Amino acid sequence: MSNTLPPPLPDRPPGRRGPRGAVLLALCALVPLVLFGWLGWRVWGGDDGPGTAQRDPDARPSGSPSAQEKELDGRTVVLDPGHHPGNRDHAREINRQVDMGEGKKECDTTGTETEDGYAEAEFTLALAQRVERLLVSKGAEVVLVHSGGEKRGDVEWGPCVDERARIGNEARADAAVSLHADGAPADARGFHVILPGKVRTRGADTRAIVAPSARLGRELASGFRAATGARPAEYIGDGSGLDTRKDLGGLNLSRVPKVFLECGNMRNARDAAQLSSPAWQKRAAAGVADGLTAYLTHGNAAGDRR
Ligand SMILES: [Zn+2]
(Lines give C-alpha, C1' and ligand atoms only; values in the text may rest on other atoms or scores of the structure.)
Protein backbone atom coordinates (compact mmCIF):
# COMPACT_ATOMS: atom_id res chain seq x y z
CA MET A 1 0.00 0.00 0.00
CA SER A 2 1.16 3.48 -0.94
CA ASN A 3 0.05 5.38 2.15
CA THR A 4 1.74 3.11 4.65
CA LEU A 5 4.16 4.84 7.00
CA PRO A 6 7.78 3.68 6.99
CA PRO A 7 8.30 0.90 9.50
CA PRO A 8 9.35 2.20 12.91
CA LEU A 9 13.02 1.95 13.86
CA PRO A 10 13.65 -1.00 16.11
CA ASP A 11 13.24 -0.02 19.72
CA ARG A 12 16.36 0.36 21.78
CA PRO A 13 16.06 -0.87 25.35
CA PRO A 14 16.20 2.09 27.74
CA GLY A 15 19.63 2.92 29.13
CA ARG A 16 21.61 1.25 26.33
CA ARG A 17 23.68 3.24 23.86
CA GLY A 18 24.03 2.50 20.19
CA PRO A 19 27.29 1.13 18.69
CA ARG A 20 28.66 4.63 18.02
CA GLY A 21 28.12 5.66 21.62
CA ALA A 22 29.98 2.61 22.85
CA VAL A 23 32.97 3.29 20.58
CA LEU A 24 33.10 6.91 21.75
CA LEU A 25 33.09 5.86 25.37
CA ALA A 26 35.87 3.33 24.78
CA LEU A 27 37.97 5.99 23.03
CA CYS A 28 37.50 8.42 25.90
CA ALA A 29 38.82 5.79 28.27
CA LEU A 30 41.68 4.73 26.02
CA VAL A 31 43.17 8.10 25.09
CA PRO A 32 44.42 9.01 28.57
CA LEU A 33 45.73 5.47 29.07
CA VAL A 34 47.70 5.53 25.82
CA LEU A 35 48.97 9.04 26.50
CA PHE A 36 50.13 8.09 29.98
CA GLY A 37 51.80 4.96 28.69
CA TRP A 38 53.61 6.87 25.96
CA LEU A 39 54.84 9.50 28.39
CA GLY A 40 56.12 6.82 30.71
CA TRP A 41 57.93 5.10 27.88
CA ARG A 42 59.57 8.36 26.80
CA VAL A 43 60.72 9.20 30.31
CA TRP A 44 61.67 5.77 31.70
CA GLY A 45 63.33 3.91 28.94
CA GLY A 46 61.95 4.57 25.49
CA ASP A 47 63.91 5.79 22.48
CA ASP A 48 66.02 8.83 23.27
CA GLY A 49 64.82 8.79 26.84
CA PRO A 50 67.26 9.21 29.68
CA GLY A 51 67.40 5.48 30.35
CA THR A 52 68.56 4.51 26.87
CA ALA A 53 72.30 5.14 26.96
CA GLN A 54 73.19 1.46 27.33
CA ARG A 55 70.73 0.17 24.82
CA ASP A 56 71.97 -1.64 21.78
CA PRO A 57 70.34 0.03 18.76
CA ASP A 58 70.30 -3.32 16.98
CA ALA A 59 68.70 -5.17 19.86
CA ARG A 60 65.61 -7.04 18.89
CA PRO A 61 62.91 -8.50 21.10
CA SER A 62 64.13 -11.66 22.76
CA GLY A 63 62.72 -14.80 21.26
CA SER A 64 63.34 -13.83 17.65
CA PRO A 65 66.26 -15.70 16.03
CA SER A 66 68.18 -12.48 15.36
CA ALA A 67 68.21 -11.68 19.06
CA GLN A 68 70.70 -14.46 19.66
CA GLU A 69 74.30 -13.42 19.47
CA LYS A 70 76.04 -14.86 16.44
CA GLU A 71 79.18 -16.81 17.12
CA LEU A 72 81.48 -14.57 15.05
CA ASP A 73 80.01 -11.22 16.12
CA GLY A 74 82.79 -8.66 16.43
CA ARG A 75 85.35 -10.80 14.56
CA THR A 76 87.12 -9.65 11.42
CA VAL A 77 88.35 -12.10 8.82
CA VAL A 78 90.39 -11.21 5.76
CA LEU A 79 89.96 -13.55 2.80
CA ASP A 80 92.68 -13.28 0.21
CA PRO A 81 91.80 -15.00 -3.08
CA GLY A 82 95.20 -15.97 -4.47
CA HIS A 83 96.21 -14.29 -7.76
CA HIS A 84 93.60 -12.44 -9.86
CA PRO A 85 91.82 -13.38 -13.09
CA GLY A 86 93.11 -10.12 -14.59
CA ASN A 87 96.77 -10.91 -13.87
CA ARG A 88 97.21 -12.69 -17.21
CA ASP A 89 96.50 -9.43 -19.02
CA HIS A 90 98.86 -7.39 -16.86
CA ALA A 91 102.16 -9.24 -17.11
CA ARG A 92 104.26 -6.08 -16.88
CA GLU A 93 102.51 -4.85 -13.74
CA ILE A 94 102.56 -8.14 -11.86
CA ASN A 95 106.21 -8.80 -12.71
CA ARG A 96 107.23 -5.55 -11.04
CA GLN A 97 109.49 -6.18 -8.06
CA VAL A 98 108.15 -5.24 -4.64
CA ASP A 99 109.82 -5.10 -1.24
CA MET A 100 109.23 -8.18 0.90
CA GLY A 101 110.94 -6.78 3.97
CA GLU A 102 114.21 -8.42 3.01
CA GLY A 103 114.84 -8.66 -0.69
CA LYS A 104 112.42 -8.18 -3.52
CA LYS A 105 110.01 -10.45 -5.31
CA GLU A 106 107.52 -10.09 -8.14
CA CYS A 107 104.30 -8.29 -7.25
CA ASP A 108 102.05 -11.28 -8.03
CA THR A 109 101.79 -14.27 -10.37
CA THR A 110 99.10 -15.61 -12.67
CA GLY A 111 98.73 -18.87 -10.72
CA THR A 112 98.19 -22.30 -12.20
CA GLU A 113 95.24 -23.87 -14.04
CA THR A 114 93.67 -27.26 -14.71
CA GLU A 115 94.28 -29.21 -17.89
CA ASP A 116 90.86 -27.92 -19.06
CA GLY A 117 91.94 -24.32 -18.55
CA TYR A 118 90.10 -23.57 -15.30
CA ALA A 119 92.30 -20.89 -13.77
CA GLU A 120 93.43 -21.00 -10.16
CA ALA A 121 92.45 -17.32 -9.90
CA GLU A 122 88.86 -18.17 -10.88
CA PHE A 123 88.76 -20.96 -8.33
CA THR A 124 90.18 -18.91 -5.45
CA LEU A 125 87.72 -16.10 -6.13
CA ALA A 126 84.70 -18.43 -6.30
CA LEU A 127 85.75 -20.12 -3.08
CA ALA A 128 86.45 -16.85 -1.28
CA GLN A 129 83.01 -15.52 -2.17
CA ARG A 130 81.35 -18.67 -0.84
CA VAL A 131 83.35 -18.50 2.40
CA GLU A 132 82.52 -14.82 2.73
CA ARG A 133 78.78 -15.53 2.64
CA LEU A 134 79.08 -18.24 5.28
CA LEU A 135 81.16 -16.11 7.64
CA VAL A 136 78.92 -13.07 7.25
CA SER A 137 75.92 -15.25 8.15
CA LYS A 138 77.76 -16.13 11.37
CA GLY A 139 78.18 -12.44 12.20
CA ALA A 140 81.79 -11.89 11.08
CA GLU A 141 83.02 -8.84 9.29
CA VAL A 142 84.75 -10.07 6.16
CA VAL A 143 87.25 -8.16 4.08
CA LEU A 144 87.85 -9.60 0.63
CA VAL A 145 91.25 -8.54 -0.68
CA HIS A 146 89.80 -8.31 -4.19
CA SER A 147 86.65 -9.32 -6.05
CA GLY A 148 88.25 -10.16 -9.37
CA GLY A 149 87.49 -6.70 -10.73
CA GLU A 150 83.76 -7.46 -10.62
CA LYS A 151 82.84 -4.70 -8.24
CA ARG A 152 83.09 -1.04 -9.06
CA GLY A 153 86.39 0.41 -7.92
CA ASP A 154 87.92 -3.05 -7.48
CA VAL A 155 91.44 -3.71 -8.74
CA GLU A 156 91.79 -5.22 -12.22
CA TRP A 157 94.92 -7.17 -11.34
CA GLY A 158 96.89 -8.04 -8.21
CA PRO A 159 97.01 -6.54 -5.68
CA CYS A 160 100.72 -7.16 -5.06
CA VAL A 161 101.50 -9.58 -2.25
CA ASP A 162 102.84 -6.84 0.05
CA GLU A 163 99.55 -5.00 -0.40
CA ARG A 164 97.61 -8.18 0.36
CA ALA A 165 99.43 -8.44 3.68
CA ARG A 166 98.88 -4.75 4.38
CA ILE A 167 95.11 -5.12 3.88
CA GLY A 168 95.01 -7.78 6.61
CA ASN A 169 97.13 -5.65 8.93
CA GLU A 170 95.05 -2.52 8.45
CA ALA A 171 91.83 -4.43 9.01
CA ARG A 172 93.36 -5.67 12.29
CA ALA A 173 92.02 -9.04 11.24
CA ASP A 174 91.54 -11.76 13.83
CA ALA A 175 92.52 -14.19 11.09
CA ALA A 176 93.53 -14.02 7.43
CA VAL A 177 93.49 -16.84 4.91
CA SER A 178 95.00 -16.78 1.44
CA LEU A 179 93.22 -19.26 -0.81
CA HIS A 180 95.08 -21.18 -3.51
CA ALA A 181 95.27 -24.41 -5.47
CA ASP A 182 98.63 -25.90 -6.27
CA GLY A 183 100.40 -26.66 -9.53
CA ALA A 184 102.32 -29.76 -8.41
CA PRO A 185 103.36 -32.82 -10.49
CA ALA A 186 100.33 -34.47 -12.10
CA ASP A 187 100.59 -37.73 -10.17
CA ALA A 188 100.34 -36.04 -6.75
CA ARG A 189 97.12 -35.32 -4.91
CA GLY A 190 95.91 -33.60 -1.77
CA PHE A 191 95.60 -30.30 0.08
CA HIS A 192 97.95 -28.54 2.46
CA VAL A 193 98.12 -25.44 4.63
CA ILE A 194 101.20 -23.20 4.55
CA LEU A 195 102.19 -21.68 7.89
CA PRO A 196 104.53 -18.72 8.36
CA GLY A 197 107.98 -19.60 9.67
CA LYS A 198 109.85 -17.40 12.11
CA VAL A 199 111.26 -14.50 10.11
CA ARG A 200 112.90 -11.37 11.41
CA THR A 201 114.44 -9.05 8.89
CA ARG A 202 114.66 -5.34 8.15
CA GLY A 203 110.98 -5.07 7.25
CA ALA A 204 109.39 -8.35 8.33
CA ASP A 205 108.78 -9.83 11.75
CA THR A 206 106.56 -12.89 12.06
CA ARG A 207 107.50 -13.81 15.64
CA ALA A 208 104.14 -12.75 17.07
CA ILE A 209 102.07 -14.60 14.48
CA VAL A 210 103.89 -17.92 14.21
CA ALA A 211 102.06 -19.65 17.07
CA PRO A 212 98.53 -18.34 16.42
CA SER A 213 98.96 -18.97 12.69
CA ALA A 214 99.91 -22.58 13.45
CA ARG A 215 96.71 -22.96 15.49
CA LEU A 216 94.73 -21.35 12.68
CA GLY A 217 96.36 -23.70 10.16
CA ARG A 218 95.57 -26.81 12.20
CA GLU A 219 91.92 -25.80 12.63
CA LEU A 220 91.65 -24.97 8.96
CA ALA A 221 93.17 -28.29 7.87
CA SER A 222 90.86 -30.14 10.22
CA GLY A 223 87.70 -28.30 9.08
CA PHE A 224 88.63 -28.60 5.42
CA ARG A 225 89.37 -32.30 5.67
CA ALA A 226 86.14 -33.04 7.55
CA ALA A 227 83.97 -31.12 5.07
CA THR A 228 85.55 -32.36 1.83
CA GLY A 229 87.00 -35.74 2.69
CA ALA A 230 90.18 -34.54 0.95
CA ARG A 231 93.46 -36.10 2.07
CA PRO A 232 96.56 -34.15 3.07
CA ALA A 233 99.04 -33.67 0.24
CA GLU A 234 101.21 -36.68 -0.58
CA TYR A 235 104.02 -34.56 -1.93
CA ILE A 236 104.69 -32.07 0.87
CA GLY A 237 104.48 -31.83 4.66
CA ASP A 238 105.08 -35.55 5.36
CA GLY A 239 101.37 -36.29 5.15
CA SER A 240 100.48 -33.80 7.93
CA GLY A 241 98.81 -31.36 5.54
CA LEU A 242 100.96 -28.61 7.09
CA ASP A 243 104.03 -26.96 5.60
CA THR A 244 106.03 -24.08 7.05
CA ARG A 245 107.65 -21.53 4.74
CA LYS A 246 109.73 -18.40 5.13
CA ASP A 247 109.78 -17.26 1.51
CA LEU A 248 106.22 -15.95 1.05
CA GLY A 249 105.86 -12.19 1.28
CA GLY A 250 102.13 -12.48 1.94
CA LEU A 251 102.94 -14.32 5.18
CA ASN A 252 106.21 -12.61 6.14
CA LEU A 253 104.68 -9.14 6.02
CA SER A 254 101.54 -10.12 7.93
CA ARG A 255 101.09 -8.82 11.45
CA VAL A 256 97.91 -10.83 11.95
CA PRO A 257 97.56 -14.63 12.08
CA LYS A 258 97.63 -15.76 8.47
CA VAL A 259 97.99 -18.97 6.50
CA PHE A 260 97.74 -20.12 2.90
CA LEU A 261 95.39 -22.95 2.01
CA GLU A 262 96.34 -24.96 -1.07
CA CYS A 263 93.03 -26.74 -1.68
CA GLY A 264 94.36 -29.40 -4.05
CA ASN A 265 96.57 -29.95 -7.06
CA MET A 266 95.12 -28.44 -10.23
CA ARG A 267 97.54 -30.47 -12.36
CA ASN A 268 96.15 -33.75 -11.04
CA ALA A 269 93.09 -34.93 -12.98
CA ARG A 270 91.11 -36.15 -9.95
CA ASP A 271 91.89 -33.11 -7.82
CA ALA A 272 91.11 -30.88 -10.81
CA ALA A 273 87.69 -32.46 -11.26
CA GLN A 274 86.88 -31.69 -7.63
CA LEU A 275 88.32 -28.18 -7.65
CA SER A 276 86.21 -27.38 -10.74
CA SER A 277 82.97 -28.70 -9.25
CA PRO A 278 80.57 -26.16 -7.70
CA ALA A 279 79.25 -28.87 -5.35
CA TRP A 280 82.76 -29.62 -4.11
CA GLN A 281 83.53 -25.89 -3.81
CA LYS A 282 80.47 -25.57 -1.59
CA ARG A 283 81.82 -28.26 0.75
CA ALA A 284 85.28 -26.73 0.65
CA ALA A 285 83.86 -23.33 1.61
CA ALA A 286 81.99 -24.89 4.52
CA GLY A 287 85.25 -26.52 5.63
CA VAL A 288 87.15 -23.24 5.49
CA ALA A 289 84.39 -21.44 7.39
CA ASP A 290 84.27 -24.25 9.98
CA GLY A 291 88.03 -24.12 10.48
CA LEU A 292 88.01 -20.34 10.88
CA THR A 293 85.05 -20.52 13.25
CA ALA A 294 86.79 -23.14 15.38
CA TYR A 295 89.92 -21.00 15.56
CA LEU A 296 88.02 -17.82 16.39
CA THR A 297 85.78 -19.37 19.03
CA HIS A 298 88.13 -21.79 20.80
CA GLY A 299 89.48 -19.40 23.33
CA ASN A 300 92.94 -18.51 22.17
CA ALA A 301 92.18 -16.38 19.14
CA ALA A 302 91.08 -13.30 21.11
CA GLY A 303 94.32 -13.23 23.07
CA ASP A 304 96.58 -13.86 20.13
CA ARG A 305 96.84 -10.28 19.01
CA ARG A 306 96.48 -8.56 22.33
ZN1 LIG B 1 98.45 -19.87 -5.95
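Details
- Condition met for Gly287 (open to solvent by less than 10 Å² (accessible area, probe 1.4 Å), under 22 Å from Asp99 (Cα atoms) and small (Gly, Ala, Ser)): no
- Contact annotation: residue pairs with Cβ atoms under 9 Å, 6 or more positions apart or on different chains, pairing a residue in the range 109-126 that is in the same structural domain as Ala273 (by TED's automatic domain parsing) and more than 10 Å from the ligand (Cβ to nearest atom) with a partner that is among the hydrophobic types (A, V, I, L, M, F, W, C) and open to solvent by 60 Å² or more (accessible area, probe 1.4 Å), are Thr114/Ala269; Thr114/Ala273; Glu115/Ala186; Glu115/Ala269.
- Options Ala175, Ala188: the member that is within 21 Å of the chain's Cα centre (by Cα) and either at pLDDT 95 or above or surrounded by fewer than 24 Cβ atoms within 10 Å (Cβ to Cβ) (or both): Ala175
- Residue tally, condition touching a strand residue (DSSP E or B) at 6+ places or on another chain (Cβ under 8 Å) and modelled with pLDDT under 95, over the range 129-160: 1
Table: residues versus (1) open to solvent by less than 60 Å² (accessible area, probe 1.4 Å); (2) among the acidic types (Asp, Glu); (3) within 16 Å of the ligand (Cβ to nearest atom); (4) closer than 25 Å to Leu72 by Cβ.
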position: Leu135; (1), (2), (3), (4): yes, no, no, yes
position: Gly139; (1), (2), (3), (4): yes, no, no, yes
position: Gly153; (1), (2), (3), (4): no, no, no, no
position: Trp157; (1), (2), (3), (4): no, no, yes, no
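- Per this entry, Arg207 is not counted among residues that are in contact with a strand residue (DSSP E or B) (Cβ under 7 Å, 6 or more places away or on another chain) and on the phi > 0 side of the Ramachandran plot.
- Single residue of Gly197, Gly203, Gly217 found to be modelled with pLDDT under 95 and not aliphatic (A, V, I, L, M): Gly203
- Condition check for Thr206: open to solvent by 10 Å² or more (accessible area, probe 1.4 Å), among the β-branched types (Val, Ile, Thr) and in the same structural domain as Pro85 (by TED's automatic domain parsing): no
- Condition met for Gly183 (over 15 Å from Gly217 (Cβ atoms), in the same structural domain as Gly249 (by TED's automatic domain parsing) and either away from the ligand (no atom under 16 Å from the Cβ) or modelled with pLDDT under 95 (or both)): no
- Some residue of the range 54-63 being loosely packed, with under 12 Cβ neighbours inside 10 Å and modelled with pLDDT of 95 or more: no
- Residue within the range 111-125 that is under 20 Å from Ala294 (Cβ atoms) and touching a Cys at 6+ places or on another chain (Cβ under 9 Å) present: no
- Hey, Leu253 open to solvent by less than 50 Å² (accessible area, probe 1.4 Å), touching a strand residue (DSSP E or B) at 6+ places or on another chain (Cβ under 8 Å) and either aliphatic (A, V, I, L, M) or more than 18 Å from Ser178 (Cβ to Cβ) (or both) or not: no
- Some residue of the range 269-281 being under 23 Å from the mean Cα position of the chain (by Cα), modelled with pLDDT of 95 or more and within 13 Å of the ligand (Cβ to nearest atom): yes
- Hey, Val131 out of contact with any Pro (no Cβ under 9 Å at 6 or more places or on another chain) and either more than 14 Å from the ligand (Cβ to nearest atom) or open to solvent by less than 50 Å² (accessible area, probe 1.4 Å) (or both) or not: yes
The values are calculated or read from the model by the stated rules, or taken from the named source; none is laboratory data. Keep in mind that what you see is a predicted model, and the values were worked out from it rather than measured. So basically every Cβ, Gly included, is an ideal-geometry build from the backbone, and we count neighbours across all protein chains shown. Side chains are part of the model used for accessible areas, which takes the heavy atoms of the whole protein and leaves out ligands, DNA and RNA. Shrake-Rupley method; radii C 1.70, N 1.55, O 1.52, S 1.80 Å.
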